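A short write-up of the structure that comes next.
The values are calculated or read from the model by the stated rules, or taken from the named source; none is laboratory data. Quantities reported herein were computed from a predicted structural model and do not represent experimental measurements. Note that we place each Cβ from the backbone using ideal geometry, even for glycine, and neighbour counts take in every protein chain shown.
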């Protein structure tokens, strides 16, 4: 019984670790793209279009 519980727990830990890795990769991608987005946003003379652009 205990072995089954710990096996299930181990599977959940592995799945959570994989999701964490995916999130970290996505964060790194966003951080890499952020400077160009910042530059483009700061270059705008008017920011009103941000309210209407989906």
Pairs returned, first residue in segment 40-54 that is at pLDDT 75 or above, second residue that is part of a loop (DSSP other than H, G, I, E, B), beta-carbon separation under 8 angstrom, 6 or more apart or interchain, are 41/47
Looking at 31, 18, which is the one that is on the phi < 0 side of the Ramachandran plot, surrounded by 10 or more Cβ atoms within 10 Å (Cβ to Cβ) and free of Cβ contacts under 8 Å to residues at least 24 places away in the same chain? 18
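So that you can scan it fast, the table gives a plain yes or no per residue for (1) within 16 Å of the chain's Cα centre (by Cα); (2) surrounded by 10 or more Cβ atoms within 10 Å (Cβ to Cβ):
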{"position": "8", "(1), (2)": "no, yes"}
{"position": "23", "(1), (2)": "yes, yes"}
{"position": "36", "(1), (2)": "no, no"}
{"position": "51", "(1), (2)": "no, no"}
